[in-house]
Each structure stands twice: as structure tokens, then as C-alpha cells.
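Novice: Input: one structure, supplied below.
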Amino acid sequence: LQKSLNETFGADKYSEARKEVLTNMFSRPMQMALYFCTGVLENETLFRHYALNVPFYTHFTSPIRRYADLIVHRLLSASLGASSPIKMEKEAIQKQADHCNDRKMASKRVQELSTDLFFAIFVRVRA
């Protein structure tokens, strides 16, 4: 697939734009990761990371990027004994996770619509 895409991109001034749009379109069907509180889920197979093939996985980046990452940092720090325990019930943590998922989905949808618009304009200009 990657070889076919590289041949499709070409070498003109629009090749990078084509590459970005097509790569984005092909990655859309991939399942999006969801935030959740492990204390409210009974099915531990949901903790698994398919691509990495590990049974327990959490993902986070710098806590300055996303609120969900800040929560993960705080919970990890508390679980390692580096800070005091979080004074939130697991249901409250799950409610925050649900909100983060909703915002993440909305953001992804806006990004997709923006890409669709760019692609439509690109096709119209090139036609």
C-alpha cells in the first residue's frame, strides 16, 4: 500500500499535499483509542494494546498537552507513592475520561471535515 501511495504522490508542487490527504484518509478506519478508568471496567482485555501486544497499557504524553494526560500523570505518581493519593472516586475519573473522549471525537471530526474540504477544493482546482 505504501509503495502504491508513494507512486501516486508524484513529484510536483502538490505531492506533499496529496501525501498528507491520502495518508489521513487511509488511517481513518483505524480504531481510535479511548480514555477510561480501569476501576470501572471488569473486562481486562480492554486494557490490552493490540499493536504492541501487551496486556496492560496506558498512554500519555506531556501533561501540558491534554487534560487526560495530566490525570494519568497524577494517578501514576500517586500509585508509585511519589505524591498523595487522588481524592476522586473512580466514577468521577470515568466521567472526566468520557468528557475527554467526547472532545477528542469532536476534534477528530472537525479535522476530517477540514481535510474533506481541502481535498474537494484540491480536486476542483486540478480538474
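The values are calculated or read from the model by the stated rules, or taken from the named source; none is laboratory data. These numbers come from a predicted model, not from an experiment. Quick reminder, even Gly has a Cβ in these numbers, built from the backbone with ideal geometry, and neighbours come from all protein chains shown. In case anyone asks, the SASA skips ligands and DNA or RNA and just uses the protein heavy atoms, side chains included. Shrake-Rupley method; radii C 1.70, N 1.55, O 1.52, S 1.80 Å.
Novice: Ignoring everything except DSSP H segments at least 4 long, calculate the 222 nm mean residue ellipticity for the chain; use -39,500 (n - 2.57) per segment, divide by total residues, nearest 500.
Specialist: -19000 deg cm²/dmol
Novice: Oh, and also: Let me spell out the model: positive unit charges on the Cβ of Lys and Arg, negative unit charges on the Cβ of Asp and Glu, origin at the Cα centre of the chain. What dipole size does that give, in debye rounded to 20?
Specialist: Around 320 debye, computed over the chain.
Novice: Also, quick follow-up: How would segment 37-102 be classified by its alpha-carbon gyration tensor: rounded, prolate or oblate, with rounded meaning a/c under 1.5 and the a/b versus b/c comparison settling the rest?
Specialist: It is rounded, given that a/c, with a ≥ b ≥ c, falls under 1.5.
Novice: Here is a further query. At a 1.4 Å probe radius, carbon and sulfur cover how many percent of the accessible area of the chain?
Specialist: Here it works out to 59 percent.
Novice: Cut-off 15 Å, label point 7 angstrom out along Cα-to-Cβ of TYR67: give me the residues of segment 75-97 whose amide nitrogen falls inside.
Specialist: From segment 75-97, the list is 92-97.
Novice: Same structure again: Per residue, how many Å² of accessible area does segment 11-113 show with a 1.4 Å probe?
Specialist: Heavy-atom accessible area per residue stands at 77 Å².
Novice: Could you tell me the relative contact order of the chain? Use alpha-carbon pairs under 8 Å, at least six residues apart, and round to a whole percent.
Specialist: Here the relative contact order equals 21 percent.
Novice: While we're here: With a cap of 10 neighbouring Cβ atoms within 10 Å, and only residues DSSP puts in a loop, list the trypsin sites (Lys or Arg not before Pro) found in segment 44-122.
Specialist: Hits after loop and neighbour filter: ARG65, LYS87.
Novice: How much FRET efficiency would the formula 1/(1 + (r/R0)^6) give for THR45 and MET88, where r is the Cβ-Cβ distance and R0 is 25 Å, rounded to 0.05?
Specialist: Calculated transfer efficiency: 0.50.
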